[in-house]
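Quick one: the structure is below, and I'll ask about it shortly.
Values quoted throughout were computed directly from the atomic coordinates according to the rules given, and no laboratory measurement underlies them. Note that the structure is predicted; figures quoted are calculated from it, not measured. Cβ atoms come from the backbone with ideal geometry, glycine included; neighbour counts cover every protein chain shown.
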Amino acid sequence: MSGKKISRRRFLGLGGAILAGTALLPAFGAALLPPGGGGQSVRYGMVVDWRRLTAEDIARMSRACHEGHNVPAVTEPGHEVKWLWGESFDRVFPEWEAPYAEDPRALSLPVLCNHCESPPCCRVCPTEATFKRADGVVMMDYHRCIGCRFCMAACPYGARSFNFTDPRRYLDEIRGDYPTRALGVVEKCDFCEERLRLGLEPLCAEASGGAVVFGDLADPDSAPRRLLAANFSLRRKAELGTGPNVHYLWRGVEADA
Amino acid sequence: MMKEKEIMIGLIFFLALFTAPFWLNVGNSVTAAPEVVISAAAGEECLFSAAEMRERHMQILDEWRTVSVREGKTLDLSAGGAHIGFEENCLTCHANREEFCDACHAYTAVNPDCWDCHHSAGAKS
């Protein structure tokens with residue numbers, strides 16, 4: 001830098017120009033962004049019309065998921081591996097007490113990874129083996145997982161399972177092309193990421209007979225958003241601020257209110 | 001006070017131990033590197049030349065798994081926009097894992113854990 005001096009008048013003038021430019025940026029900023037980027041974002045989510053699902057329906061969905069992803073059927077207690085399974089109402093929504101309703105333990109709901117907006121599992125993962133994709137899918141990179149199980153401790157929904165044993169020992173048959181997992185990694189639902197690439201809906205939605213509606217929650221005209229607009233719905237432990245993207249429809253509650 | 005004798009004995013012992021691998025292998029024949037048996041469907045072209053593959057397949061596969069799993073990319077533009085897929089792209093043709101992969105890996109004492117999870121037809125041992 002040479003010792004060139006800047007006059008006070010010019011300094012103040014430049015400062016004012018920068019201030020004015022910053023104020024105008026929101027109005028013209030869009031023109032500066034690269035074309036095609038930004039703007040359109042996808043946020044995958046799921047609406048479960050669980051009143052239409054029987055325990056058999058949920059078992060069928062679970063089977064479709066587990067067979068499609070080569071999920072091992074480990075029987076040892078505490079070592080089970082699950083991506084999607086049925087759980088009784090009082091365990092899915094423990095904060096919702098309904099002492100005079102029909103037996104909440106008799107009601108079964110499908111539960112899976114909620115693909116949260118701010119997933120605590122991704123925050124605690126020391127290797128970024130689990131991460132949130134731009135389209136909302138909370139992905140697992142099994143190549144990077146070191147099996148520390150921090151994510152399992154962080155997940156408020158118990159949606160993650162650890163492979164305590166070689167999972168292939170518990171697969172009577174390895175189906176399809178979906179890879180199995182290895183000993184010592186954590187696994188979970190990935191919203192059928194391999195099918196989304198091909199434009200197909202997740203296996204559970206396909207096996208649910210229309211009771212599970214999958215789609216883009218960022219699009220107000222998508223099928224799940226229309227359902228959510230027209231019905232009351234709940235998310236699991238939404239008060240924790242994780243922002244679950246799996247919604248449970250509460251049909252009939254409007255009539256009762 | 002210097003214990004020269006003890007030091008010399010110690011030094012000789014150390015050098016003998018340190019160079020033992022060379023002495024023990026003098027006269028042993030060197031195992032020849034295995035020939036890679038390439039079985040590829042006729043008319044199908046590889047994404048990269050054999051020389052490049054031999055040299056860089058681990059980096060290519062590592063890069064592929066990163067961009068496909070973490071960035072969701074399915075095309076490799078450096079390979080002429082080829083679809084990224086170790087199993088779809090490589091193992092469908094090179095379906096002889098024992099000769100194509102394992103022979104060299106065993107020779108160089110490399111133990112890749114690809115097969116713990118990937119199980120397509122070509123990945124079966």
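Give the residue that is farthest from the chain's Cα centre (by Cα), with candidates limited to residues of region A:227-248 that are assigned to a helix (DSSP H, G or I) and surrounded by 15 or more Cβ atoms within 10 Å (Cβ to Cβ). Step through it out loud before you land on a result.
As a first pass, look at region A:227-248 and keep what is assigned to a helix (DSSP H, G or I): A:227-230, A:238-240.
Retained after the next criterion (residues that are surrounded by 15 or more Cβ atoms within 10 Å (Cβ to Cβ)): A:227-228.
Details: A:L227: 18, A:L228: 17 Å.
Restricting to residues being assigned to a helix (DSSP H, G or I) and surrounded by 15 or more Cβ atoms within 10 Å (Cβ to Cβ), the top hit is A:L227.
What is the residue count in region A:171-198 for residues that are of a type in the set (V, I, T) and surrounded by fewer than 18 Cβ atoms within 10 Å (Cβ to Cβ)? First the steps, then the outcome.
Taking region A:171-198 first, the residues of a type in the set (V, I, T) are A:174, A:180, A:185-186.
If we keep only those that are surrounded by fewer than 18 Cβ atoms within 10 Å (Cβ to Cβ) too, we end up with A:174.
Residues that pass the stated criteria total 1.
Give, as residue ranges, the helices (runs of 4 or more DSSP H) completely inside region A:51-163 that count at least 2 residues that are out of contact with any Cys (no Cβ under 7 Å at 6 or more places or on another chain) and closer than 19 Å to A:E194 by Cα. Working first, answer last.
Working: elements: A:55-68, A:89-92, A:120-124, A:150-154.
Per the criteria, A:55-68.
Among the candidates A:D141, A:D57, single out the residue that is within 24 Å of A:G215 (Cα to Cα) and within 13 Å of chain B (Cβ to nearest Cβ).
Working: A:D57 fails: within 13 Å of chain B (Cβ to nearest Cβ).
Residue meeting the stated conditions: A:D141.
Same structure, new question: So which pairs qualify, if the first residue must be in region A:111-134 and touching a residue at least 60 places away in the same chain (Cβ under 8 Å), the second must be outside any helix (DSSP H, G or I) and among the charged types (D, E, K, R), the Cβ gap must be under 6 Å, and the two must be at least 6 apart or on different chains?
So the pair list comes out as A:V111/A:E87; A:C113/A:K188; A:P119/A:K132.
So for region B:54-71 (the condition being without any contact (Cβ under 8 Å) to a residue 24 or more places away in the chain, part of a loop (DSSP other than H, G, I, E, B), within 14 Å of another protein chain (Cβ to nearest Cβ) and surrounded by 12 or more Cβ atoms within 10 Å (Cβ to Cβ)), does at least one residue qualify?
Yes, region B:54-71 contains a residue that is without any contact (Cβ under 8 Å) to a residue 24 or more places away in the chain, part of a loop (DSSP other than H, G, I, E, B), within 14 Å of another protein chain (Cβ to nearest Cβ) and surrounded by 12 or more Cβ atoms within 10 Å (Cβ to Cβ).
If you check A:D177, A:D190, which single one turns out to be assigned to a loop (DSSP other than H, G, I, E, B), under 27 Å from B:G85 (Cβ atoms) and within 9 Å of another protein chain (Cβ to nearest Cβ)? Write out each step before concluding.
Values: A:D190 fails: within 9 Å of another protein chain (Cβ to nearest Cβ).
None of the other options fit; the residue is A:D177.
Based on this model, can you work out whether A:E239 counts as closer than 30 Å to A:E128 by Cα and either more than 14 Å from chain B (Cβ to nearest Cβ) or in contact with a Leu (Cβ under 7 Å, 6 or more places away or on another chain) (or both)? Step through it out loud before you land on a result.
On the way: closer than 30 Å to A:E128 by Cα: yes; either more than 14 Å from chain B (Cβ to nearest Cβ) or in contact with a Leu (Cβ under 7 Å, 6 or more places away or on another chain) (or both): yes.
Taking the combined requirement at face value, the residue satisfies it.
While we're here: Only one of A:L217, A:L234 is touching a Gly at 6+ places or on another chain (Cβ under 6 Å), more than 14 Å from every other protein chain (Cβ to nearest Cβ) and either of a type in the set (A, V, I, L, M, F, W, C) or on the phi > 0 side of the Ramachandran plot (or both); which? Quick ask: steps written out before the conclusion?
Values: A:L234 fails: touching a Gly at 6+ places or on another chain (Cβ under 6 Å).
One residue alone meets the criteria, A:L217.
Test each condition in (1) of a type in the set (D, E, K, R); (2) surrounded by 14 or more Cβ atoms within 10 Å (Cβ to Cβ); (3) touching an Asp or Glu at 6+ places or on another chain (Cβ under 9 Å) for A:D219 and report the one that comes out false.
(3)
The rows are residues; the columns are (1) on the phi < 0 side of the Ramachandran plot; (2) buried (at least 21 other Cβ atoms within 10 Å of the Cβ); (3) more than 10 Å from chain B (Cβ to nearest Cβ).
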residue	(1), (2), (3)
A:P104	yes, no, yes
A:N114	yes, yes, yes
A:E117	yes, no, yes
A:F131	yes, no, no
A:M152	yes, no, yes
A:G158	no, no, yes
A:R169	yes, no, yes
